[in-house]
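Q: Pasting a structure here, questions to come.
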Amino acid sequence: MVRIHSPVARLRVPLPKEVGPVGLHPAEAAPVNPEPTEPKEEEPMLLRNETLSPAARKHFKLLRNPFVDDIQSRADVFASQHGRYVRAALLDAAINHGFVAIVGESGSGKSTLREDLEERIREERRPIIAIKPYVLAMEPNDTRGKPMKAGQIAESIARTLAPNVQLKSSPDARYRQVHELLKSSRAAGYSHLLVIEEAHRMPLPTLKHLKNFMELKDGLRRLLGVCLIGQPELRLLLSEQNPEVREIVQRCEQITMEPLDSDLEGYLVHKFERAGLALADVLEADALDAIRARLISMPRGGRVSDAVSVCYPLVVNNLVCRALNAAAAVGFPKVDAQVIGGC
């Protein structure tokens, strides 16, 4: 269990059921000198989708929720400096058949950047084929779900490159067939990227077999790049301390998704501009530092040095949405540090 520690005094903002009589001035709706509250345990609702109330949309003159179905095109994807690096790494792995692992917390934007790559391939008509095995119900072993095996990866490659081709029954003939399909596609000018989502649930033997897929070549040219996308447990799976996978792990560039932190203002400016509002029309300047402070995670009993930021897009979206609802409920013209501290 973790705790949220904030250096900003936690000020309680009355929620709708606590709002005073109609006509109460906003400045009177909250205590003038509220006492700081104790740090509270991180709630699951930090990752739960928060709905913007009709009252909040009307109060802030929002034509739509800036955080729901907000990415319809590549222009909607916020490009932080770190995000641009991840974008470049993904494209490089696709073009030059590299091996990259994108690791991050839920809601950190991993899948959004993968989708951005696919959209870029379509828009720019790049000769890149993304191969995505189905990962529904994938688990590391049979006791919890359905493990992904090397045979399924081979089937996915064949299904993507030649949907109507019947795979051979024997393993030797099947993998030779997949090799030939990749070579034919390469000869036609295409590069290939195998993308495995939820890779932290991939069985260890399958990870070891990825080396064999990456070693499929046409002369000196590799035929397949690999991108693994997963939650922090993926780092454990890709640990060099495990001799079983050390050889393949040493070939993998591991990229950890970074929190927004210094990019928080740019992110929120982008979100609200896409919804037709300037950030200054919605948030007071002190709200940004309050958001960063609110989203500091501290392990129970941990020291200051153990604190980490959880200022990821999904968490920021939910916190700001909750703050908009609270501010509208008490009639605050904008969200400030007091509102953020009470959410």
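Q: List, please: which pairs have Cβ atoms under 6 Å, are six or more places apart or on different chains, and start with a residue in the range 313-342 that is at negative phi and end with one that is among the acidic types (Asp, Glu) and not in a helix (DSSP H, G or I)?
A: Filtered contacts from the range 313-342: Asn318/Glu50; Cys321/Glu50; Arg322/Glu50; Lys334/Glu284; Asp336/Glu284.
Q: Still on this model: Please determine whether any residue of the range 150-157 is hydroxyl-bearing (Ser, Thr, Tyr), within 26 Å of the chain's Cα centre (by Cα) and either assigned to a strand (DSSP E or B) or modelled with pLDDT under 95 (or both). Let's see the steps before the verdict.
A: Initial filter on the range 150-157 (hydroxyl-bearing (Ser, Thr, Tyr)): 156.
Checking which are within 26 Å of the chain's Cα centre (by Cα) leaves us with 156.
Those left that are additionally either assigned to a strand (DSSP E or B) or modelled with pLDDT under 95 (or both): none.
No - not one qualifying residue is present in the range 150-157.
Q: From the list Glu198, Glu244, Glu258, which one is modelled with pLDDT under 95 and either at positive phi or in contact with a Gly (Cβ under 9 Å, 6 or more places away or on another chain) (or both)? Walk me through it before giving the result.
A: Working: Glu244 fails: either at positive phi or in contact with a Gly (Cβ under 9 Å, 6 or more places away or on another chain) (or both); Glu258 fails: modelled with pLDDT under 95.
It is Glu198.
Q: Would you mind telling me which numbered condition in (1) among the small types (Gly, Ala, Ser); (2) under 28 Å from Gly83 (Cα atoms); (3) surrounded by fewer than 20 Cβ atoms within 10 Å (Cβ to Cβ) Gly230 fails?
A: (3)
Q: Across the range 237-254, which residue is surrounded by the fewest Cβ atoms within 10 Å (Cβ to Cβ) among those that are among the hydrophobic types (A, V, I, L, M, F, W, C) and in contact (Cβ under 8 Å) with a residue 24 or more places away in the chain? Steps first, answer last, please.
A: Narrowing the range 237-254 to residues among the hydrophobic types (A, V, I, L, M, F, W, C): 237-238, 245, 248-249, 252.
Add one more test, that the residue is in contact (Cβ under 8 Å) with a residue 24 or more places away in the chain, and what stays is 237-238, 245, 248, 252.
Values: Leu237: 21, Leu238: 22, Val245: 20, Ile248: 18, Cys252: 20.
Within the range 237-254, the match that is surrounded by the fewest Cβ atoms within 10 Å (Cβ to Cβ) is Ile248.
Q: For the range 158-195, name all the residues that are closer than 13 Å to His209 by Cβ and surrounded by 17 or more Cβ atoms within 10 Å (Cβ to Cβ).
A: We begin by selecting, within the range 158-195, every residue closer than 13 Å to His209 by Cβ; these are 171, 175, 178, 194.
Once the filter is applied, which keeps residues that are closer than 13 Å to His209 by Cβ and surrounded by 17 or more Cβ atoms within 10 Å (Cβ to Cβ), the range 158-195 yields Tyr175, Val178, Leu194.
Q: Of the residues Ala75, Ala88, only one is modelled with pLDDT of 95 or more and either assigned to a helix (DSSP H, G or I) or over 30 Å from Ala327 (Cα atoms) (or both); which? First the steps, then the outcome.
A: On the way: Ala75 fails: modelled with pLDDT of 95 or more.
Selected residue: Ala88, the only one of Ala75, Ala88 that is modelled with pLDDT of 95 or more and either assigned to a helix (DSSP H, G or I) or over 30 Å from Ala327 (Cα atoms) (or both).
Q: Moving to a separate point now. Which number in (1) free of Cβ contacts under 8 Å to residues at least 40 places away in the same chain; (2) part of a helix (DSSP H, G or I); (3) farther than 30 Å from Gly98 by Cβ marks the one condition that Gly301 misses?
A: Evaluating Gly301 over (1) free of Cβ contacts under 8 Å to residues at least 40 places away in the same chain; (2) part of a helix (DSSP H, G or I); (3) farther than 30 Å from Gly98 by Cβ leaves (2) as the failure.
Q: Looking at (1) of a type in the set (D, E, K, R); (2) under 24 Å from Gln81 (Cα atoms); (3) modelled with pLDDT of 95 or more, which one does Arg274 not meet, given that it meets all the others?
A: (3)
Q: Within the range 104-139, count every residue that is part of a loop (DSSP other than H, G, I, E, B) and touching a helix residue (DSSP H, G or I) at 6+ places or on another chain (Cβ under 6 Å).
A: Just the residues of the range 104-139 that are part of a loop (DSSP other than H, G, I, E, B), to begin with: 104-109, 124-127, 132-137, 139.
Checking the rest, the ones that are also touching a helix residue (DSSP H, G or I) at 6+ places or on another chain (Cβ under 6 Å) come to 104, 107, 109, 133, 139.
Count: 5.
Q: Of all residues in the range 126-145, count the ones that are surrounded by 15 or more Cβ atoms within 10 Å (Cβ to Cβ) and farther than 24 Å from Arg186 by Cα.
A: Count: 4.
Q: If Lys146 meets every condition in (1) closer than 16 Å to Leu210 by Cα; (2) among the basic types (Lys, Arg); (3) under 35 Å from the mean Cα position of the chain (by Cα) apart from one, which number is that one?
A: (1)
Q: Another question, if that's okay. Quick one: what pairs do we get from the range 255-283, first residue without any contact (Cβ under 8 Å) to a residue 60 or more places away in the chain, second outside any helix (DSSP H, G or I) and among the polar types (S, T, N, Q), C-beta under 7 Å, 6+ apart or different chains?
A: Note: pairs meeting the criteria are Asp261/Ser309.
The values are calculated or read from the model by the stated rules, or taken from the named source; none is laboratory data. Since the model is a prediction, treat every value here as computed from it, not as a measurement. With ideal geometry, Cβ positions are generated from the backbone for all residues, glycine too; neighbour counts draw on all protein chains shown.
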